[in-house]
Amino acid sequence: MLLSYFPLFLFLFFCLFISFFIFILSYLFVKINYDSEKISAYECGFEPFNDARKKIDVRFYLVAILFIIFDLEIAYLFPWALDNYNLSFDGLFSLFIFLIILTLGFIFEWKKGALDWE
């Protein structure tokens, strides 16, 4: 039984060996050139702020969370899109309910001004 897994173990060993070999070669042959520009902190093209613990506006987090929520909800549409020929009426009905809830949530956030940036 264990012999049937030999090709898998051989493949994993080969992958690990190649990975470590390339990793070690990169440390041996790469010339490290530290200059002030390369080691400086980079923040969207601006000089970094003085204090890293400075308060950030809540709207930034709100937009980021909304993006994640809507991005994940759109990912749920892919199974329906791939299987639209085999959908029954219940599947199509649940798709429309899902899209209506998604659209109402987007309209709610738009009306609340969560997507406005000043």
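The values are calculated or read from the model by the stated rules, or taken from the named source; none is laboratory data. A quick note: this is a predicted structure, and the numbers were derived from the prediction, not measured. Cβ coordinates were reconstructed from backbone atoms using ideal geometry, including for glycine residues, and neighbour counts include every protein chain displayed.
With respect to the conditions (1) out of contact with any strand residue (DSSP E or B) (no Cβ under 8 Å at 6 or more places or on another chain); (2) at pLDDT below 80, Phe67 lacks only one, and its number is (2). Determine if region 92-112 includes at least one residue that is free of Cβ contacts under 8 Å to residues at least 40 places away in the same chain and among the acidic types (Asp, Glu). No; the residues of region 92-112 include none that is free of Cβ contacts under 8 Å to residues at least 40 places away in the same chain and among the acidic types (Asp, Glu).
Among the residues of region 80-108, those identified as surrounded by 11 or more Cβ atoms within 10 Å (Cβ to Cβ) and modelled with pLDDT of 80 or more are Gly91, Leu92, Phe93, Ser94, Leu95, Phe98, Leu99, Ile101, Leu102, Gly105, Phe106. Does Leu10 satisfy being among the aliphatic types (A, V, I, L, M) and at pLDDT 90 or above? It is true that Leu10 is among the aliphatic types (A, V, I, L, M) and at pLDDT 90 or above.
So, Ile56, is that one among the β-branched types (Val, Ile, Thr), at pLDDT below 80, within 19 Å of the chain's Cα centre (by Cα) and under 26 Å from Leu115 (Cβ atoms) or not? For Ile56, the condition - among the β-branched types (Val, Ile, Thr), at pLDDT below 80, within 19 Å of the chain's Cα centre (by Cα) and under 26 Å from Leu115 (Cβ atoms) - is not met. In region 109-118, the residue that is modelled with the lowest pLDDT out of those that are within 24 Å of the chain's Cα centre (by Cα) and not acidic (Asp, Glu) is Trp117.
Of the residues making up region 109-118, those that are surrounded by 10 or more Cβ atoms within 10 Å (Cβ to Cβ) and among the acidic types (Asp, Glu) number 1.
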